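Working notes for the structure below.
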Amino acid sequence: MIVILVKNVTDGQMDQVLARIAEAHLTSHISKGEETTVIGVVGAHLPPDLPDAIERLPGVSRIMRISKSYKLPSREFKPSNTVVEVGDVRIGDGGLVVMAGPCSIESREQLLATALAVKKAGAQVLRGGAFKPRTSPYSFRGMGEEGLKILADVGAETDLKVVTEVMTIDQVELVAQYADILQIGTRNMQNYQLLEEVGRIDRPCVLKRGMSATIEEWLLSAEYIMGKGNKQVILCERGIRTFETATRNTLDLSSLPVVKRMSHLPVICDPSHATGKWYLVPPMSLAALGAGADGLLIEVHPDPDHALCDGAQSLTLENFSTLMDKLVAMMDLMNRP
Ligand code: PEP
Ligand code: MN
């Protein structure tokens with residue numbers, strides 16, 4: 001349910017509404033717009049007489065029910081696009097934010113060479129995994145905290161924001177010490193305790209779509225994070241499992257405009273994990289831009305043939321730069337800033 005307050009609501013009136021909501025063991029999420037303030041009310045059980053009771057309180061303009069299972073990420077709750085700000089990088093404001101870098105941080109040299117090149121080509125965020133979820137326990141599983149240190153150092157040196165994955169609840173605090181944006185991977189989209197832990201901290205987070213998750217389930221995962229207070233969620237389409245084997249996953253491009261319609265949150269696309277093949281990354285990046293993506297998450301490596309992880313889907317520095325030129329040309333065509 002959404003409580004829409006009158007324009008000139010007083011603090012006292014607002015407190016009265018919040019108290020009535022708390023009495024019913026429900027949680028309030030206040031959203032102050034330019035014109036009006038609204039309170040999103042969520043909780044397991046909405047007493048049937050509560051909407052009428054609240055509508056009668058002074059300072060309340062009207063009540064709206066949210067019909068969807070997900071509430072806080074829904075357009076009904078917040079009609080205007082959310083812009084997630086990471087310093088001066090703005091995700092969701094109509095521009096295209098490119099996050100690029102290796103699958104895994106392998107060394108300072110490798111990351112710095114990549115960072116300098118992607119920055120020169122126009123990327124604004126550096127990606128790199130330090131804690132890697134690998135299908136096989138015998139694969140390279142990342143450098144851990146040493147990798148995080150390299151990431152933060154190289155980010156500072158090149159003036160790039162950094163994003164990296166957090167896999168477990170007890171890593172959240174550690175990763176947040178080093179990263180500007182936390183990433184929740186496809187395998188953890190339904191790790192609800194991890195989602196809540198990330199929801200408790202004040203740090204933007206990329207929430208990847210589970211490889212077998214419906215869009216509704218994905219938005220419900222965003223609800224877990226937002227419900228604990230962290231509203232800075234960036235959704236990331238990264239491909240889903242289908243019967244097709246020619247690509248690593250099937251890129252569900254239609255999810256981009258679908259999510260834009262259902263949710264106010266920014267949505268980005270990861271064409272690297274979606275396809276698994278470097279030569280599919282440029283066409284799918286352009287397609288994602290065409291489908292309305294607010295950003296791209298792209299794997300780039302100075303020497304993909306020798307990458308410790310996901311070399312087959314990593315762009316060389318040169319190929320990345322060529323792609324960025326095409327993206328800029330397409331942004332112009334689309335009249336996007
Ligand atoms: C990644 O971005 O490095 C990654 C592991 O992605 P995903 O969770 O989409 O597989
Ligand atoms: Mn990868």
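The values are calculated or read from the model by the stated rules, or taken from the named source; none is laboratory data. What you see is a predicted model; the values in this text were computed from it and never measured. Positions of Cβ are backbone-derived with ideal geometry, glycine not excepted, and every protein chain shown enters the neighbour counts.
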Do you know which residues across the range 306-333 are aliphatic (A, V, I, L, M) and in a helix (DSSP H, G or I)? A312, L317, L323, M324, L327, V328, A329, M330, M331, L333
Taking only pairs six or more apart or across chains, which ones have beta-carbon atoms under 7 Å, a first residue in the range 90-110 that is under 17 Å from V154 (Cβ atoms) and polar (S, T, N, Q), and a second residue that is assigned to a loop (DSSP other than H, G, I, E, B) and within 16 Å of ligand 2 (Cβ to nearest atom)? S104/G128; S104/K132; S104/F140; S104/G142; S104/L308; S104/C309; Q110/P102; Q110/P302
All conditions in (1) of a type in the set (A, V, I, L, M, F, W, C); (2) under 27 Å from V300 (Cα atoms); (3) surrounded by 24 or more Cβ atoms within 10 Å (Cβ to Cβ); (4) touching an Asp or Glu at 6+ places or on another chain (Cβ under 8 Å) are true of V198 except (4)
Does V163 qualify as being within 16 Å of L126 (Cα to Cα), in a strand (DSSP E or B), touching a residue at least 40 places away in the same chain (Cβ under 8 Å) and assigned by TED's automatic domain parsing to the domain that holds C269? yes
Here are some residues: E217, E299, E237, E197. Which one is assigned by TED's automatic domain parsing to the domain that holds I184, over 23 Å from R127 (Cα atoms) and of a type outside the set (S, T, Y)? E217
Filter the range 107-142 for residues that are at pLDDT 95 or above, charged (D, E, K, R) and within 13 Å of ligand 1 (Cβ to nearest atom); the one that is farthest from P282 (Cα to Cα) is R141
Filtering the range 214-231 for residues that are within 20 Å of L296 (Cα to Cα) and within 14 Å of ligand 1 (Cβ to nearest atom) leaves a count of 1
All positions within the range 250-274 that are within 16 Å of ligand 2 (Cβ to nearest atom) and surrounded by fewer than 20 Cβ atoms within 10 Å (Cβ to Cβ): none
Could you please let me know if F131 is within 15 Å of ligand 2 (Cβ to nearest atom), of a type in the set (A, V, I, L, M, F, W, C) and surrounded by 21 or more Cβ atoms within 10 Å (Cβ to Cβ)? yes
It is to be established whether one or more residues within the range 271-284 are touching a residue at least 12 places away in the same chain (Cβ under 8 Å), closer than 20 Å to D93 by Cβ and under 19 Å from the mean Cα position of the chain (by Cα). no
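Conditions (1) within 16 Å of ligand 2 (Cβ to nearest atom); (2) closer than 19 Å to I298 by Cβ, marked per residue:
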position	(1), (2)
K68	no, no
D88	no, no
M99	yes, yes
A115	no, yes
P137	no, no
F140	yes, no
Just give me the residues in the range 129-160 being on the phi > 0 side of the Ramachandran plot and either in contact with a helix residue (DSSP H, G or I) (Cβ under 6 Å, 6 or more places away or on another chain) or outside the structural domain of V89 (by TED's automatic domain parsing) (or both), in sequence order. none
